[in-house]
Amino acid sequence: MGKHVQIFWEVGRGRMHRLWVFCTKAVSHRTPLLVRVLQWARLKLFTLHHWLFPERQIILRSNGRVRFVSLSHGVQFVILIVVSTLVGWGGYSTHAFFAKDRILAEKNERIAEALFAYRDLLNQYADSQQRFASAAANLEANHSYLLGIVAPQDSAKTEDKRTLADSGEETHKVGLEGILKANKQLKIWMAEIQISQHDVVRVLTSRVRKSLGKTKTLIAGLGPNVERVLSEEVTAKLGQGGPFLALRTDRTPEDAFRTDLARLDMDIDRWDGVQQLLRTLPLVTPSDAFYMASSYGRRKDPFNRRAAVHYGVDLAGVRKSPILSTASGVVVFAARNGKYGKMIEIDHGRGIHTRYGHLHRINVKVGQRVGFRERIGLMGSTGRSTGPHVHYEIRVNGTPYNPAKFFKVGKHVFKNWEG
C-alpha cells in the first residue's frame with residue numbers, strides 16, 4: 001500500500017483562491033469510511049465559507065456613470081483579517097499607554113514612601129540621641145553624689161577595718177550598684193541601636209548606589225555626548241562648595257555614623273535628580289500604533305534605490321493617526337520644511353531636540369509648551385514620502401542620534417520603575 005496526497009486548487013470568478021490539502025495514508029478498499037468522513041468535512045467547510053463571505057457588490061455613481069465593484073470571498077476575508085488586526089493593535093496600544101501612567105504613579109508613590117521612612121529614621125535617631133544625653137547626664141550626677149557619700153565611709157574603713165558599716169552605708173552601696181548596672185544596660189542598649197542604625201544606613205546606601213549604577217549604564221548606552229550632557233546636568237543640580245576643613249583621624253563611632261548618614265542623604269538627592277532627569281528625556285515612541293519602516297543609518301533611498309544615510313527612523317502607520325510628543329518641551333518649529341514636509345521640532349532643554357516630519361496636520365504653534373505624550377499632530381505623507389509615516393529624529397547639540405537607542409533605554413526605565 002502506498003501513500004497518496006491529493007491537492008485541490010479551485011479558482012472561480014468572484015471567489016477567493018482556496019487551497020485544500022487532502023492527505024490520506026494507506027487508503028484502500030478496506031478504509032472507505034475515512035475517505036467519506038474527510039470528503040464530508042471538506043464540503044461542510046466549503047459551505048460555511050460561502051455562507052459567511054457571500055459575493056457582494058458595491059455600486060459607485062459619479063457624473064451620471066454607474067460602476068460596480070465586486071468583493072470576492074477572498075477580498076472579504078482579507079478585509080476581516082486587516083480590521084481585526086487594527087482593532088486588536090489599537091486595544092493593546094491603549095492598554096500599554098494607561099499601563100505606563102500607572103507605572104509612573106506607583107513609582108512616585110514608592111519614592112515618597114521611601115523618603116518618608118528615611119526622614120522618620122532621622123527623627124528617631126535625633127530623639128534617641130537626646131534621650132541618651134539626658135540619661136547620661138542624670139547618671140553622671142547620681143554617680144558623683146554617691147561617690148561623695150561613699151568616700152568618707154571608705155576612709156573610716158581603712159582606719160578601722162574591723163568596724164562594720166552601718167545599715168545606711170549598705171543601703172547606699174546597694175543603690176550605687178543598681179545605678180551602675182542600669183548605666184551598663186543603657187550603654188548596651190544604645191550600642192544595639194547604633195548598630196541597627198548603621199545596618200539600615202548601609203542597606204539603603206547599597207540600594208541607592210546600585211540603582212545609580214544601573215541608570216549610569218543606561219545613560220552610557222545613549223552615546224558619549226548625551227552621557228556628558230546629562231552628567232554635567234546632575235553635577236550642576238547637586239552643587240559643591242564650602243570652607244576647607246582638615247580630615248580628622250580620631251573620629252568616634254558617632255562621627256562615622258553621621259558621615260555615612262550625610263553620604264546617604266547625598267546619594268538619595270543624586271538618585272532623585274537622575275530619576276527626574278530621565279523623566280524629561282524623549283524615551284518613548286511618538287506613535288502608539290506603528291511598525292518600523294526604515295531604521296537609522298545607512299539604507300537604500302526609497303526613490304532612486306541608491307545608498308544613502310538616514311538620520312532618523314520612519315514609523316509607518318495609519319494616515320491621520322495621532323502623533324505624540326515624546327517628552328515635555330517648547331515648540332521651536334511648526335511649518336513646512338522642504339523634503340520633511342509638514343514638520344514639528346521641539347526643544348527639550350540641555351541641547352536635546354526632536355523632529356517629527358511628513359505630518360498630515362500640525363496642531364501646535366511655535367513657542368507653545370507641550371507636555372509628555374501630548375498630541376501635537378497627525379501622521380501623514382507630506383514632503384518626500386512614499387506613504388503615511390512619521391520621520392522621527394533626536395538631535396543633541398545639533399548631532400543626530402539613533403532614536404532606537406532611546407526607545408531601548410525607555411523600555412528598561414519603565415521596567416525598573418514597574419519593579
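The figures follow:
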{"item": "Condition check for VAL309: part of a loop (DSSP other than H, G, I, E, B) and over 25 Å from the mean Cα position of the chain (by Cα)", "result": "no"}
{"item": "Elements of type strands (runs of 3 or more DSSP E) contained in the range 314-358, each with 1 or more residues being over 27 Å from the mean Cα position of the chain (by Cα)", "result": "329-336, 342-347"}
{"item": "Contacts under 7 angstrom Cβ, first residue in the range 372-386 being among the charged types (D, E, K, R), partner outside any strand (DSSP E or B), 6 or more apart", "result": "ARG373/SER325; GLU374/SER325; ARG375/ASN363; ARG384/LYS339"}
{"item": "Matching residues in the range 56-111 - criterion: being touching a residue at least 24 places away in the same chain (Cβ under 8 Å) and among the hydroxyl-bearing types (Ser, Thr, Tyr)", "result": "SER70, SER72, SER93, THR94"}
{"item": "Residue match in the range 381-399 (condition: outside any strand (DSSP E or B) and among the aromatic types (Phe, Trp, Tyr))", "result": "no"}
{"item": "Residue in the range 354-362 that is surrounded by fewer than 19 Cβ atoms within 10 Å (Cβ to Cβ) and within 28 Å of ALA96 (Cβ to Cβ) present", "result": "yes"}
{"item": "Close pairs from the range 344-364: first on the phi > 0 side of the Ramachandran plot and at pLDDT 95 or above, partner surrounded by fewer than 22 Cβ atoms within 10 Å (Cβ to Cβ) and assigned to a loop (DSSP other than H, G, I, E, B), Cβ under 6 Å, at least 6 apart", "result": "HIS358/GLY341; HIS358/SER381; HIS358/THR382; HIS358/GLY383; HIS358/SER385"}
{"item": "Residues located in the range 293-321, provided they are in contact (Cβ under 8 Å) with a residue 60 or more places away in the chain and of a type outside the set (Gly, Ala, Ser)", "result": "TYR296, PRO302, PHE303, TYR311, VAL313, ASP314, LEU315, VAL318, ARG319, LYS320"}
{"item": "All positions within the range 312-332 that are under 16 Å from VAL396 (Cα atoms) and surrounded by fewer than 16 Cβ atoms within 10 Å (Cβ to Cβ)", "result": "VAL330, VAL332"}
{"item": "Subset tally (residues that are under 16 Å from VAL284 (Cα atoms), out of contact with any His (no Cβ under 8 Å at 6 or more places or on another chain) and among the hydroxyl-bearing types (Ser, Thr, Tyr)) for the range 304-346", "result": "2"}
{"item": "Among (1) in the same structural domain as GLU393 (by TED's automatic domain parsing); (2) surrounded by 16 or more Cβ atoms within 10 Å (Cβ to Cβ) - the single one ARG299 does not satisfy", "result": "(2)"}
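The values are calculated or read from the model by the stated rules, or taken from the named source; none is laboratory data. Keep in mind that what you see is a predicted model, and the values were worked out from it rather than measured. Note that we place each Cβ from the backbone using ideal geometry, even for glycine, and neighbour counts take in every protein chain shown.
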